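Written out below as structure tokens is the structure these notes cover.
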Amino acid sequence: YDVSTDYRYTSITGLNPDGVTASRSTGFSRQHLSQFTLDNQIEAQLATGPVQHTLLAGLDYAHYDFNYRFGFGTAPDLNLVTRNYGLQPIFAAPLGPRTAQSQDQVGLYLQEQAKFDRFVLTLSGRYDWVFQNTVDTTGAATQQNDQAFTGRVGLNYLLAPGLVPYASYATTFAPQPGTDASGRAFRPATGDQIEAGVKYLIPGTNIQAGFAGFNIVQSSVLRTDPNNIAFQIATGSVQSRGFEMEAIANFAPGTNLTLAYTHLDLLYLRQTSFAGQVLDGNYLSGIPGDTFTGFLTYLFPPSSALSGLTLGGGVRFSANSYANDENTVRNPTVTLFDALVAYDFAAIDPKYKGFRAQVNANNIFDRNYFTCQAGFCYRGAPATVIGSLIYRW
């Protein structure tokens, strides 16, 4: 995995006393992240009397290198009436010294899945070792080593044919790449999750549905540094609670419908604003409380002249969200439409089985929208088309 970003921007920093012009600053950021992961597993199935066991053990390794440079400068004032900033150059932010970070993570995990009569019990445990090395802008190197045990327990019960209620509890541990304004590595994010729900496959049909309620608490959350908005800090804690529903249906050969709805309350448990205001109990900005998605695809039958062709379309809806963490301003609702065209080359000749061409189009009507979060506003992705050639074997 490899990603590079190189972006420059201007930002309004305040209104001038004349009430007509605004002062501005410039920013320049260049970042590069590369990562590779390796996972090895061994699985065994055995029985002890009436109990069927599936044992899974594994060892994984991940390494990443992350480096970045920031620069800040000045920009000419902007006339808010004429939208004129004169003939001066807009971007005048030179890049500062480079900060580099590397991380190695080793994880050892074990899982037991035991099935007895109508019960399925899942127990898993994982231990992580993380080694981070950071070289800041002065060339000084610091090291941060972390280790943690996390686990999960889940229970499923086959209540009736196709009807399975379940409950689970899990703890989490996740290293966070990057550094704060002082060049210190971020603390890993930790948390715990409780989830319960039910899954149902309607007998004699290809229709399945699921409902789940959850409560997640996470600490050391990354957010914008109130004292230096170009950086982040790992601080405070949040609570995510809500429920989600999903249904997948095959109404007829080649016709697939997926519907999903999520209600989410994402709240600060312990946090302060840029101005020092206590945000405990406030909603995180930029996160909608209700989202809905629906997508329908149709695969033409083998007898059709369009055999192998799949057409699809869908809709995404996001309800209001708060535009700031003080919860005084709201973002508008957003409705976007997507489309899909795919072709399976096995329809031409069986020897091409597994070879597929696909085009996905998102926001096909090119709706122009913005989402504001924590005092910053971001333009939504415009109409986007992605073409893929896929081979599966």
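With the largest listed first and rounded to whole Å, the semi-axes of the equivalent ellipsoid of the range 67-187 from the Cα gyration tensor are 51, 25, 8. Neighbour counts of other Cβ atoms within 10 Å put D146, D349 in the fewest-to-most order D349, D146.
Quick check for you: which residues of the range 13-51 have the amide N under 14 Å from the point 7 Å beyond the Cα of T5 toward its beta carbon? Under 14 Å, as judged by backbone N against the label point of T5, lie 27-34 of the range 13-51. If you wrap the Cα atoms of the range 121-234 in a convex hull and average its projected area over all directions, you get 10.0 nm². For a paramagnetic label modelled on F243 (point 7 Å from Cα along Cα→Cβ), amide N atoms under 13 Å away belong, within the range 156-196, to 196. Beyond 21 Å, how much of the Cα-Cα pair distribution for the range 1-75 remains, as a whole percent? Summing the P(r) of the range 1-75 above 21 Å gives 63 percent of all pairs. For the chain, the extents of the C-alpha atoms along the principal axes are 78, 55, 44 Å, listed from largest to smallest. Only one residue of N360, F317, T371 has its Cα farthest out toward the positive end of the dipole of the range 293-390, where Lys and Arg carry +1 and Asp and Glu -1 on Cβ, and that residue is N360. Subtracting the Cα-Cα distance of N227 and N16 from 0.36 nm times their residue separation leaves 73.8 nm of extension gain. The alpha-carbon of K115 sits under 27 angstrom from the alpha-carbons of these lysines, leaving out residues fewer than 8 places away in its chain: K199.
The order of W129, W393, going from fewest to most other C-beta atoms within 10 Å of their C-beta, is W393, W129. May I ask for log10 I(q)/I(0) of the range 1-136 at q = 0.10, 0.17, 0.18, 0.22 Å⁻¹, from a Debye sum over the Cα atoms as equal point scatterers with solvent left out? Evaluating at q = 0.10, 0.17, 0.18, 0.22 Å⁻¹ gives log10 I(q)/I(0) of -0.62, -0.96, -1.01, -1.18. Multiplying the residue separation of K351 and N320 by 0.36 nm and subtracting their alpha-carbon distance yields 6.2 nm.
Bear in mind these aren't lab numbers, they're just calculated from the coordinates by the rules spelled out. None of these values were measured; they are calculated from a predicted model. Heads up, the Cβs are rebuilt from the backbone with ideal geometry, glycines too, and the neighbour counts pull from every protein chain shown.
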